[in-house]
Amino acid sequence: MASNLGELLVKDKRLSDDQLTEAVTYQDKNDITLGTAIVSLGFLSEEEMAQALSRHLGYPYIDLNQFEVYADAVDLIPIEIAKKYLIMPIHRIRSFLTLAMVDPTDLDIIEDIRFRTALSIQPVIASESSIVAAFSKYYGSNDSLRVKEIIDEIKQVDGADVNIIEEEEEDYDIEELVHSTEEAPVITLVNTVFIDGIKKGASDIHFEPYEKVFRIRYRLDGTLYEMMNLNLKFKNPVLSRVKILSNMDIAEKRLPQDGRIKMRVKLETGTKKEVDMRISSLPTIFGEKIVVRILDKEMLKLDLKELGFEDKSMDNVKKAIVRPWGIVLVTGPTGSGKTNTLYSAISTLNSMEKNIMTAEDPVEFYIPGINQVNIREEIGLTFSTALRSFLRQDPDIMLIGEMRDFETVDIAIKAALTGHLVFSTVHTNDSASTIMRLVNMDIEPFLIADSLYLIVAQRLVRRLCKKCRVEHNIIPEALVDIGFSQDEAKKAKVYKPYGCTACNNTGYKGRTGLFEVLEVSSQIRDMILARETTNKIKLKAIEEGMITLRRSGLIKISQGITSVEEVLRETVKDMEVSK
């Protein structure tokens with residue numbers, strides 16, 4: 001018997017026939033459950049739907065956040081089945097299993113669980129978001145269950161899913177590796193954490209020891225999520241395994257270390273993917289914390305059009321990168337996507353006729369046809385020494401990973417003034433403040449004015465999940481307060497996150513950029529020479545049509561790409577241009 005959810009809601013007068021028809025169409029189109037479709041369309045809230053079902057069917061409605069879930073009940077149903085059916089086992093008493101369900105009218109699910117567990121099922125009603133949240137809370141933190149699941153997964157793939165690619169095999173101590181990782185559960189645990197992180201699209205994996213637990217978190221779309229809490233007995237073996245794979249000194253636990261792992265991962269499709277991982281260890285009061293940065297080339301977008309530039313900003317960028325000489329700077333905090341933007345720019349220019357050279361610390365992705373140099377300050381290979389060598393290598397285009405000091409900036413400016421196109425990054429809050437940052441590095445204003453052509457400030461915000469985003473009813477006054485005009489506020493259709501299985505119940509999936517592109521016009525060049533303040537330069541740029549970070553965010557809010565909360569988190573309100 002199929003689910004009667006829609007019929008019951010119509011019978012309870014919570015839904016009209018037309019709304020049900022629209023919800024079914026929306027369900028089929030987006031491949032989601034009927035309940036998710038009803039909520040996404042704004043016909044009912046999760047709680048309203050659950051309470052309506054509770055009244056009509058007589059099953060109790062519970063708030064899973066306030067309810068105790070027992071580990072022995074969780075152990076009865078695999079996580080894959082729970083996610084498939086959107087159910088959560090609560091507790092078992094003798095031959096009865098209490099089961100939280102979004103849709104208790106689906107008798108096929110109840111019959112399947114009864115068959116799997118050989119228990120009588122007592123349904124209770126819970127909201128979809130609370131059930132999805134319970135998955136990571138209970139399945140993720142149950143140590144014995146999670147470790148058993150990891151071991152089973154690795155056994156099924158016969159240990160062939162992961163190959164460590166050693167770049168310097170002569171320095172590889174196989175005997176030490178075998179001796180330190182002879183316990184199979186440790187190998188399985190580390191391998192599965194890496195595989196899972198890569199498949200989920202995580203940018204970082206954090207191994208964090210605390211006083212009583214050993215926590216593992218993934219960074220997905222810029223936000224950290226807890227994946228599992230392990231017993232402290234796993235701390236030393238797991239950390240040692242990661243350090244051995246990255247060629248760190250496992251005996252040294254008092255000083256920070258850096259390492260690298262190159263992995264070949266077998267995907268479910270049968271294809272193999274190579275990823276580069278940068279490893280950083282840091283001593284804390286409860287042991288070493290290790291952060292693994294996953295550099296997956298398939299996640300790198302090398303098309304400027306896909307990054308999120310507005311049309312006017314894109315036109316200015318395209319005009320700047322085809323110039324024969326000058327400096328183009330990209331600015332923003334760590335993790336704001338600066339490297340992606342720079343790689344996209346030089347990839348656009350990459351051709352047989354161009355000699356492109358980069359100095360990076362470190363080289364994150366290899367791009368065919370471009371000469372890339374790893375900075376190694378410990379042996380004297382700094383940005384400035386690399387740049388001097390570049391100038392003797394007949395370059396057309398140079399990319400400097402970061403302008404950190406006077407010497408590097410000075411050489412870059414001289415290169416730009418002698419017929420070279422130079423790309424680099426600086427850490428500042430916005431485009432206009434980059435000019436003052438260069439002045440603070442003792443660079444003469446006339447050199448900045450003559451060499452600098454374009455500054456791109458950027459931030460990354462999360463994209464709303466297209467399958468579950470819902471309309472956000474914000475009063476026009478609130479929209480005006482964050483930067484919309486009166487007319488824009490009246491017409492704007494704003495969305496907010498909701499959460500579904502497709503986005504791990506976060507409401508967001510993927511990221512996009514907010515961009516502020518400042519073109520150094522003749523008037524702004526005169527202001528630099530006159531040592532005008534950052535605020536005056538920014539106001540002049542806005543007056544000349546520059547789209548600010550906040551305005552870029554407002555445009556993406558009105559397009560339904562991101563939420564108000566994301567834009568407010570990453571940007572500040574613009575100054576008003578005096579009339």
*Using a 1.4 Å probe, what is the accessible area per residue for segment 441-552, in Å²?*
45
_Just to check, using Stokes-Einstein with a Kirkwood Rh over alpha carbon pairs, what's the diffusion coefficient of segment 410-540 at 37 °C and 0.692 mPa s in µm²/s?_
183
*Taking the Cα atoms only, what angle lies between the long axis of helix 431-440 and the longest principal axis of the chain, rounded to 10 degrees?*
50
*Rounded to the nearest 5, what is the percent of antiparallel bridges among the DSSP beta bridges in the chain?*
65
*Where does the chain land at 222 nm, in deg cm²/dmol rounded to the nearest 500, when only DSSP H runs of n ≥ 4 count, each adding -39500 (n - 2.57), divided by all residues?*
-11000 deg cm²/dmol
*Diffusion constant of segment 325-380 at 37 °C, which comes from Stokes-Einstein with the Kirkwood Cα-pair radius and 0.692 mPa s, µm²/s*: 258
*Which of the lysines could a cross-linker bridge to K273, judged by Cα under 18 Å and excluding same-chain residues fewer than eight apart?*
K199, K200, K262, K297, K301
*asked:* Taking the 0 to 90 degree range and rounding to the nearest ten, how far is the long axis of helix 235-245 tilted relative to the main principal axis of the chain, both from C-alpha atoms?
replied: 50
_Fully extended contour minus Cα-Cα distance, from R94 to K312, at 0.36 nm per residue_ = 71.7 nm
*asked:* Could you compute how much accessible surface R215 exposes when probed at 1.4 Å, giving the result in Å² to the nearest 10?
replied: 50
*Relative to the first principal axis of the alpha-carbon coordinates of the chain, what is the inclination of helix 107-117, with its axis defined by its Cα atoms, in degrees from 0 to 90 and to the nearest 10?*
90
*Cα atoms only, segment 283-359: Rg and Dmax in Å?*
16.6, 55
*Within segment 494-556, list the GluC sites (Glu not before Pro) lying in a DSSP loop whose Cβ has at most 15 other Cβ atoms in a 10 Å radius.*
E544
*Where the accessible area of the chain is counted over protein heavy atoms with a 1.4 Å probe, how much of it, in %, is carbon and sulfur?*
49
_Solvent-accessible heavy-atom area per residue, rounded to whole Å², over segment 1-102 at 1.4 Å_ = 54
*D112 to R215: extension gain in nm, 0.36 nm per residue of separation minus the Cα-Cα distance?*
33.7 nm
*Separation between Cα centres of segment 265-324 and segment 500-554, rounded to whole Å*: 22
*If a/c stays under 1.5 just call it rounded; otherwise compare a/b with b/c (prolate if a/b is bigger, oblate if not). Do that for the chain, with a ≥ b ≥ c from the square roots of the Cα gyration tensor eigenvalues.*
oblate
*Check each of the trypsin sites (Lys or Arg not before Pro) in segment 56-133 and keep only those in coil by DSSP with at most 14 other C-beta atoms within 10 angstrom; list them in order.*
R94
_From the protein chains alone at 1.4 Å, what is the descending order of accessible area for K13, K199, largest first?_
K13, K199
_In segment 192-244, chymotrypsin sites (Phe, Trp or Tyr not before Pro) in a DSSP loop with at most 15 other beta-carbon atoms within 10 Å_ = Y210
*Please work out the C-alpha center-to-center distance from segment 3-54 to segment 81-135 and express it in whole Å.*
20
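The values are calculated or read from the model by the stated rules, or taken from the named source; none is laboratory data. Just so we're clear, the structure is a prediction, and the values are computed from it rather than from any experiment. Note that we place each Cβ from the backbone using ideal geometry, even for glycine, and neighbour counts take in every protein chain shown. Heads up: the accessible areas ignore ligands, DNA and RNA and are worked out on the full protein's heavy atoms, side chains in. Shrake-Rupley method; radii C 1.70, N 1.55, O 1.52, S 1.80 Å.
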